[in-house]
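Before any comments, here is the structure.
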Amino acid sequence: MGGEKWSQHKDLVTRIMESRKHPEQGFRACLGIMRLTKRYPAERVEAACARALRLKAYSYKSVESILKTNLDTQELPESLPSKMIIHDNIRGREYYGQEEAHV
């Protein structure tokens, strides 16, 4: 594995190692991702790594899930959805900033 062909894979391995308090905790995840090339074509693993990086999902399970569900073959939207959920039954910041009404 070398060159530009594995740049996303390499970046994900680096992120996994950096995201752990002790880098040794990331070794198994990184080895697992490298072993995925035995079950899936290298191009798919690379695409799954790119998707995981974009989603900030730095784990073996994330990459494996992306491959199992064929998400690596789909385009990511330009902007990812925000984590804010808008719904009539969800009280927002304004609600809790107000004083409680006594009835």
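Each reported figure results from applying straightforward, stated rules to the coordinates on display, with no laboratory input. Note that this is a predicted model, so its numbers are computed, not measured. FYI the Cβ positions are ideal-geometry reconstructions off the backbone, even for glycines, and counts take in every protein chain you see.
Numbers below:
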quantity: Cα gyration tensor of the range 1-67 - equivalent ellipsoid semi-axes, whole Å, descending; calculated: 17, 12, 12
quantity: Length released on extending from residue 24 to residue 90, taking residue separation times 0.36 nm less the Cα-Cα span; calculated: 19.6 nm
quantity: Cβ crowding within 10 Å averaged over residues, with 59-65, 44-50, 24-30 ranked highest first; calculated: 44-50, 59-65, 24-30
quantity: Spacing of the two label points (7 Å from each Cα toward its C-beta) at residue 68 and residue 7, in nm; calculated: 3.1
